[in-house]
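The structure appears below as structure tokens.
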Amino acid sequence: MKALVAVKRVVDYNVKVRVKSDGTGVDIANVNMSMNPFDEIAVEEAVRLKEGGKVTEIVAVSAGVTQCQETLRTAMAIGADRGILVDTTEELQPLAVAKLLKALADKEQPQLIILGKQAIDDDSNQTGQMLAALLGWGQATYASKVVIEDGKATVTREVDGGLETVALPLPAIVTTDLRLNEPRYVTLPNIMKAKKKPLETVKPADLGVDVTPRLKTLKVSEPPKRSAGIMVKDVAELVSKLKNEAKVI
Ligand code: AMP
């Protein structure tokens, strides 16, 4: 069976982001970009399912600017078989991405679509859910274990205070949580092999999707600066301040 994996190019998680001086967004000029960490987990899971004989082909999809090709090459170096870039310079919001993935799912007919639970840049946590609704498929979000057997997926989900296990018929959507797996290191030979794998480019219009943003960002601001601490002379003063000033005990 075929698996589709969505991989987003985001600001690298090690970068300390700066808000643009006019408050319209985050400055991404000259900033290191990489694959959204939850999407690396998604690709790794698809590759493990392929190694386990459950998946026969892995197609990685990324939507965005031309440089998303690098993200797709990384996915292919981890083990995806081919890549599809939906090439656009438009700002893409989750609904638009979900519609693009729906159009590609109609074309590619995968039995499984794996996405990250959220993109670390916009923290939306919406795309997988919207895609499941558009396709009318079952979805298991926040997956920490995925088993494919007898035409169904059995997925253990991380929920508040524990784990929940659900079964869903294929085709299905799975979104990955942090503990699903630890992605492998990408080796140089695999980076070289990935350069030769097929990478197709399409435009949103080729898929019949209008990606016009539906939301307008009004303002982005830095978190408030932490104020300086104070020294107390003894435990009694600390307890008194916690009780009477901070009112936390
Ligand atoms: P979000 O709903 O934006 O938090 O993103 C959730 C997941 O949807 C990500 O982890 C990706 O798997 C997928 N996704 C979101 N945006 C894109 C994009 N532009 N290209 C490919 N996949 C995306």
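The values are calculated or read from the model by the stated rules, or taken from the named source; none is laboratory data. Here the structure is a predicted model, which means the values were calculated and not measured. Cβ: placed from backbone, ideal geometry, glycine included. Neighbour counts: every protein chain shown. Areas reflect the complete protein model, heavy atoms only, side chains present, ligands, DNA and RNA absent. Shrake-Rupley method; radii C 1.70, N 1.55, O 1.52, S 1.80 Å.
A few points about this structure:
- Residues in the range 170-184 include at least one that is within 28 Å of residue 16 (Cα to Cα), in contact with a Phe, Trp or Tyr (Cβ under 6 Å, 6 or more places away or on another chain) and either modelled with pLDDT of 95 or more or buried (at least 21 other Cβ atoms within 10 Å of the Cβ) (or both).
- Number of the exception - residue 90 against (1) out of contact with any Ser or Thr (no Cβ under 8 Å at 6 or more places or on another chain); (2) more than 23 Å from residue 191 (Cα to Cα); (3) of a type outside the set (A, V, I, L, M, F, W, C); (4) not in a helix (DSSP H, G or I): (1)
- Selected residue (only one of 228, 246, 205, 236 is loosely packed, with under 10 Cβ neighbours inside 10 Å and in a helix (DSSP H, G or I)): 236
- Residue check for residue 45: among the charged types (D, E, K, R) and within 14 Å of the ligand (Cβ to nearest atom): yes
- From the options 71, 66, 56, 24, residue that is more than 16 Å from the ligand (Cβ to nearest atom), of a type in the set (S, T, N, Q) and more than 19 Å from residue 148 (Cα to Cα): 24
- If the condition is being free of Cβ contacts under 8 Å to residues at least 24 places away in the same chain and closer than 26 Å to residue 124 by Cα, then the range 160-205 contributes 160, 161, 162, 163, 164, 165, 167, 205.
- All positions within the range 138-193 that are in contact with a Pro (Cβ under 8 Å, 6 or more places away or on another chain) and at positive phi: 151
- Residue, nearest to residue 56 (Cα to Cα), within the range 79-95, restricted to residues that are touching a Lys or Arg at 6+ places or on another chain (Cβ under 8 Å) and open to solvent by less than 10 Å² (accessible area, probe 1.4 Å): 80
- Residue selected from the range 96-120 under the condition more than 8 Å from the ligand (Cβ to nearest atom) and of a type outside the set (A, V, I, L, M, F, W, C), by the criterion farthest from residue 53 (Cα to Cα): 99
- Top-ranked residue of the range 108-127 - restricted to ones that are without any contact (Cβ under 8 Å) to a residue 60 or more places away in the chain and not polar (S, T, N, Q), ranked as surrounded by the most Cβ atoms within 10 Å (Cβ to Cβ): 122
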